[in-house]
Amino acid sequence: GVALDVTLAADIPGIPEHEQVTRLGEGVAIKLMDSSSISHPGLVAHMKGLAKKRKIKHQMEILPRGGTDAGAMQRTQAGVPVITLSVPTRYVHTSIELVDKKDIRAAVELMAAFIEEGQKAKMELE
């Protein structure tokens, strides 16, 4: 399953680079893990490959706290391969959330590419 969500973009002065999670304007975030799920390595490789093939700007993400719907999907029945595609967002869960339109566009483009090539991904996971 694929979860679509926002993620932390803490690329602001005073935050050490290793704690920034993602950066605005650097593309869709392909999540490796968060506190509720670990992305399937085959799905990660497939999404990275699609992004490179289609020249979609992307960045890798590890979210140290918080989770997405992927966590619940992953624990369904005997387990489901999951991944999350995230839009980097400053000031998450406030009335002034801030995103870069290019990151939203990149997320839409990568999800569309995944849907278009979905059968290939299914075969790689089996």
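A few notes on this one:
- Over all distinct Cα-Cα pairs of region 17-86, the Kirkwood formula returns a hydrodynamic radius of 12.5 Å.
- Once semi-axes √(5λ) of the Cα gyration tensor in Å is calculated for the structure shown, the corresponding label among (1) 27, 17, 12; (2) 24, 17, 12; (3) 56, 13, 9 turns out to be (2).
- Nonlocal Lys pairs with alpha-carbon distance under 20 Å, the chain (8 or more apart, or different chains): 24
- On Cα atoms only, tilt of 101-116 relative to the major axis of the chain in degrees: 0 degrees
- Within the listed set K55, K31, K102, the residue fluctuating most in the Gaussian network model of the chain (springs between alpha-carbon atoms under 10 angstrom) is K55.
- Between A78 and Q20, the contour length at 0.36 nm per residue exceeds the alpha carbon distance by 17.5 nm.
- Estimated dipole of region 2-125 in Debye, rounded to 20 [Cβ of Lys and Arg +1, of Asp and Glu -1, Cα centre]: 400 debye
- Helix axis angle, 41-53 relative to the chain longest principal axis, alpha carbon, degrees: 70 degrees
- Long-range amide H partners of V6 with built H, under 5 Å: V87
- Comparing mean-square fluctuations of P81, P41, P16 from a GNM of the chain with C-alpha springs under 10 Å, the top value falls on P16.
Readers should treat all values here as calculations from the given coordinates under stated rules, not as data from a laboratory. Keep in mind that this is a model prediction, so the values were computed, not measured. All Cβ positions, even for glycine, are placed from backbone atoms using ideal geometry, and neighbour counts span all protein chains on display.
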